[in-house]
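**Q** Take a look at this one; I'll ask things after.
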Amino acid sequence: MNFVRIKDVNKYEGQEIKIKGWVYNKRSSGKLHFLQIRDGSAEIQAVAFKGDLPDEIFNLTDKITQETSVEIQGIVNKHERSKIGYEIALKDIKIIGESCDYPISPKEHGVDFLMQNRHLWLRAPRQRAILKIRHAIITSIRKFFDEEGFVLIDAPIFTPSACEGTTNLFETEYFDTKAYLTQSGQLYMEAAAMAFGKVYCFGPTFRAEKSKTRRHLTEFWMVEPEVAFNDIYDNMDLAENFLVYIVNYVLQNCKEELDLLERDISKLEKIKKPFARITYDEAIEILHKKGNETPWGEDFGGDEETLISEEFETPVMIYKYPAEVKAFYMKQDPDNKKLAMCVDVIAPEGYGEIIGGGQREENMNILLSKIKKHNLPEEAFDWYLDLRKYGSVPHSGFGLGIERTVAWICGLHHVRETIPFPRLMDRIRP
RNA sequence: UCCCCGGUAGCUCAAUGGCAGAGCAUUCGGCUGUUAACCGAAGGGUUGUAGGUUCGAGUCCCACCCGGGGAGCCA
């Protein structure tokens, strides 16, 4: 007899099958024992009735503890109150692995305790729903870029120096010298875009920021497309199509998970083209109208992002920020030297910045002066400057933070649940 | 790094400066339809750590450690 995955039991009504899984809860009522079984595909209840079973098997179902792994044989029956519509009348049970004093009981627990037990917390329904949505988001990202003709180019994780600030770098020994964990694959994607036209990378990035907020991890995943000959407006079109694609994919494929998370789906259904596009100047105007006095020239914090996103039901693209607050590689606005041709995308409902990007500076001399102005070591960027020396073209790209995207789509307050094993300033276990 | 809050049983939390408690989990017993089942019983404590005030400290004071929330910075 073959093993059936629980999600497929509907094909076996009235038949005897075997399943393998974990007992996540047990209830009993004298001569009846109810075992709740999870196998990763779904959950089902196995019912053991004393009258139908040899004593040793019935007694075994009484002794079973939370998270014991088992092999169960029984008959699939319709059951009205079951989430999947079926239960199993237990005929036989074998214990695969015992489980003694499982720490996560089916009652409430604090965040610290759950994070200490993250390796076990992953088994909880809510955590599985979140990580399945993360999986769907990543799947949709790969599909989107495949369909759009992008080439996946893996960026290195060891890097010789910073591409943005140097204060947030994780330093590590690299034989006789030092290396740093990557903060972004962007500069490498710019090189690859000159070879393939349309490229993206997808991988972990590291920031040694001593920040303790619901939006920060020290290790997070980022997807970074880069396209030769795209200007900032093409870039915004790409970001818009990309986000719509991701949200649609999740809506179509993760109904059950969104439901379990009690996500208000109507909010996600409003993620359609066109997105709001406003300049930094217009964003400042909105803020001032709403009583926020952020002066021109300052970057936006979480509060400002929320205030702006409240005005729209779609994500908001804010472009042309003051060059002062943006990275050296951003192209300067030909009409106003003080502005950078960059764009941030702010998620709705106060989830904050999920995309940062823009058009890159393709002019050798301007780029060189920016590197000097930012006090960056010129020699570290010699290869990057080469890209401006040999057939430089306008090009644009952006980075999407996976964890913030998952938090937004799942409707989560904190990014720590959006990644299987979060790395935070004060937490690197398990 | 700064501001605020917290740390008591395995977990979630109570306890006017005066006997260390409950629910869940665990173990034992009961129940033929349970849905975080229910009912009865038992075991389980260096009150984060180190000082101090006091006849007496979980409670007040001080330092440190750990955690949570927020800010700055960012995706």
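**Q** For the stretch A:53-100, what are the residues that are near RNA strand B (Cβ under 9 Å from one of its atoms), in contact (Cβ under 8 Å) with a residue 12 or more places away in the chain and not β-branched (Val, Ile, Thr)?
**A** Matches in the stretch A:53-100: A:ASP62, A:GLN66, A:ASN77, A:HIS79, A:SER82, A:LYS83, A:GLU87, A:ALA89, A:CYS100.
**Q** Within the stretch A:418-430, which residues are outside any strand (DSSP E or B), within 11 Å of RNA strand B (Cβ to nearest atom) and surrounded by fewer than 24 Cβ atoms within 10 Å (Cβ to Cβ)? Before you say what the answer is, go through the steps one by one.
**A** Step one: list which residues in the stretch A:418-430 are outside any strand (DSSP E or B), which gives A:418-423, A:425-426, A:428-430.
If we keep only those that are within 11 Å of RNA strand B (Cβ to nearest atom) too, we end up with A:418-419, A:422-423, A:425-426, A:428-429.
Result: A:ILE419, A:PRO422, A:ARG423, A:MET425, A:ASP426, A:ILE428, A:ARG429.
**Q** For the stretch A:274-319: of the residues being touching a residue at least 12 places away in the same chain (Cβ under 8 Å) and polar (S, T, N, Q), which is nearest to RNA strand B (Cβ to nearest atom)?
**A** Taking the candidates together, the pick is A:THR306.
**Q** Something else: Are any residues in the stretch A:329-350 part of a loop (DSSP other than H, G, I, E, B) and either at pLDDT below 90 or aliphatic (A, V, I, L, M) (or both), and if so, which ones?
**A** Start the filter on the stretch A:329-350 by keeping residues that are part of a loop (DSSP other than H, G, I, E, B), which leaves A:329, A:331, A:334-335, A:348-350.
Matches in the stretch A:329-350: A:GLU349, A:GLY350.
**Q** Regarding A:PRO348, is this residue out of contact with any strand residue (DSSP E or B) (no Cβ under 6 Å at 6 or more places or on another chain), of a type outside the set (Ser, Thr, Tyr) and either closer than 18 Å to A:VAL223 by Cβ or more than 13 Å from RNA strand B (Cβ to nearest atom) (or both)? Spell out how you get there, then give the answer.
**A** Details: out of contact with any strand residue (DSSP E or B) (no Cβ under 6 Å at 6 or more places or on another chain): yes; of a type outside the set (Ser, Thr, Tyr): yes; either closer than 18 Å to A:VAL223 by Cβ or more than 13 Å from RNA strand B (Cβ to nearest atom) (or both): yes.
Yes; evaluated as a whole, the condition is true for this residue.
**Q** Among the residues of the stretch A:44-51, is there at least one that is aliphatic (A, V, I, L, M), touching a strand residue (DSSP E or B) at 6+ places or on another chain (Cβ under 7 Å) and near RNA strand B (Cβ under 7 Å from one of its atoms)?
**A** Filtering the stretch A:44-51 for residues aliphatic (A, V, I, L, M) gives A:44, A:46-48.
Those still in the list that are touching a strand residue (DSSP E or B) at 6+ places or on another chain (Cβ under 7 Å) too: A:44, A:46-48.
Cutting the leftovers down to near RNA strand B (Cβ under 7 Å from one of its atoms) gives us A:47.
Looking through the stretch A:44-51, at least one residue is aliphatic (A, V, I, L, M), touching a strand residue (DSSP E or B) at 6+ places or on another chain (Cβ under 7 Å) and near RNA strand B (Cβ under 7 Å from one of its atoms).
**Q** Here is a further query. Determine if the stretch A:111-121 includes at least one residue that is in contact with a helix residue (DSSP H, G or I) (Cβ under 7 Å, 6 or more places away or on another chain), of a type in the set (Val, Ile, Thr) and within 15 Å of RNA strand B (Cβ to nearest atom).
**A** Checked the stretch A:111-121: no residue is in contact with a helix residue (DSSP H, G or I) (Cβ under 7 Å, 6 or more places away or on another chain), of a type in the set (Val, Ile, Thr) and within 15 Å of RNA strand B (Cβ to nearest atom).
**Q** For the list (1) surrounded by 14 or more Cβ atoms within 10 Å (Cβ to Cβ); (2) near RNA strand B (Cβ under 9 Å from one of its atoms); (3) in the same structural domain as A:GLY356 (by TED's automatic domain parsing); (4) farther than 21 Å from A:MET189 by Cα, I need the number of the one condition that A:ILE409 fails.
**A** It is condition (2) that A:ILE409 fails.
The values are calculated or read from the model by the stated rules, or taken from the named source; none is laboratory data. Model, not experiment: these values are computed from the prediction. So basically every Cβ, Gly included, is an ideal-geometry build from the backbone, and we count neighbours across all protein chains shown.
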